[in-house]
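Chemist: I have a structure here, written as structure tokens, and I will follow up with some questions on it.
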Amino acid sequence: MKKGFICSLDDFGAGYSSLNLLKNLSIDIVKLDIMFFRKSNDIRRERIVISNIINMAKELHIKTIAEGVEFTETVDFLKSAGCDIIQGYVFARPMPLEDFERLLSEKTSLSPTDENKAVNICTEKL
């Protein structure tokens, strides 16, 4: 963080993003693109790539966010790989603010295995 701003690189792994950006830009957060978490032909290779991106980000003191996660197995893998924040439908679909506030007031522990697929809440400041 410089001068009070947090800088993130969105959709990493898609489009124009590349490893050069991690080398050359002073960023605080890298958001792993949803395409990393779609079904692939070789889950082993997929996980090797994702794990190494997360490890490289940690060595560069960059936080990681996984976007578009839809399966509990993926959440388990990302947790074990050290991903900082996990977002996606595995927790909840988009909802009106009132429903979200109600959900927060009713739940003390939120996880993807909860009956109502509760929202992932990040209480730690990035």
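Just so it is clear, none of the values below were taken in a lab; they were calculated from the coordinates. In this text, all values refer to a predicted model and were calculated from it rather than measured experimentally. Don't worry about glycine lacking a Cβ; one is built from the backbone with ideal geometry, like all the others, and counts go over all protein chains shown.
Chemist: Taking the alpha-carbon distance from K39 and a cut-off under 14 Å, which aspartates and glutamates remain once sequence neighbours fewer than 8 residues away in the same chain are dropped?
Modeler: Once the sequence-local aspartates and glutamates are set aside, what remains near K39 is E70, E73.
Chemist: Related question: Sorted from fewest to most neighbouring beta carbons within 10 Å, what does the list C7, C83 look like?
Modeler: Fewest-to-most ranking of C7, C83: C7, C83.
Chemist: Contact order normalised by length for the range 8-106, with contacts defined as Cα pairs under 8 Å and 6 or more residues apart; what percent is it?
Modeler: Computed value for the range 8-106: 24 percent relative contact order.
Chemist: With the cut-off at 1.5 for a/c, could you classify the range 8-106 from its C-alpha gyration tensor as rounded, prolate or oblate?
Modeler: Prolate shape, in that a/c is at least 1.5 and a/b is the bigger ratio.
Chemist: Turning to a different aspect of this structure: Using the structure shown, select from K31/K58; K3/K31; K31/K63; K3/K58 the pairs with a Cα to Cα distance greater than 18 angstrom.
Modeler: K3/K31; K3/K58
Chemist: Rank the residues F91, F37 as a footprinting-exposure proxy: fewest other Cβ atoms within 10 Å of their Cβ go first.
Modeler: F91, F37
Chemist: Then there's this: With a point put 7 Å past each Cα toward its Cβ, work out how far D99 is from N55 in nm, to one decimal.
Modeler: Distance between label points: 4.0 nm.
Chemist: Residue by residue through the range 7-17, what is 3J(HN,Hα) from phi via Karplus (6.51 cos²θ - 1.76 cosθ + 1.60, θ = phi - 60°)? Round to whole Hz and write x for glycine and proline.
Modeler: 10, 10, 9, 8, 6, 4, x, 10, x, 8, 6
Chemist: Let me ask something additional. What's the exposure ranking of D11, D99, going from fewest to most Cβ atoms within 10 Å?
Modeler: Result, fewest neighbours first: D99, D11.
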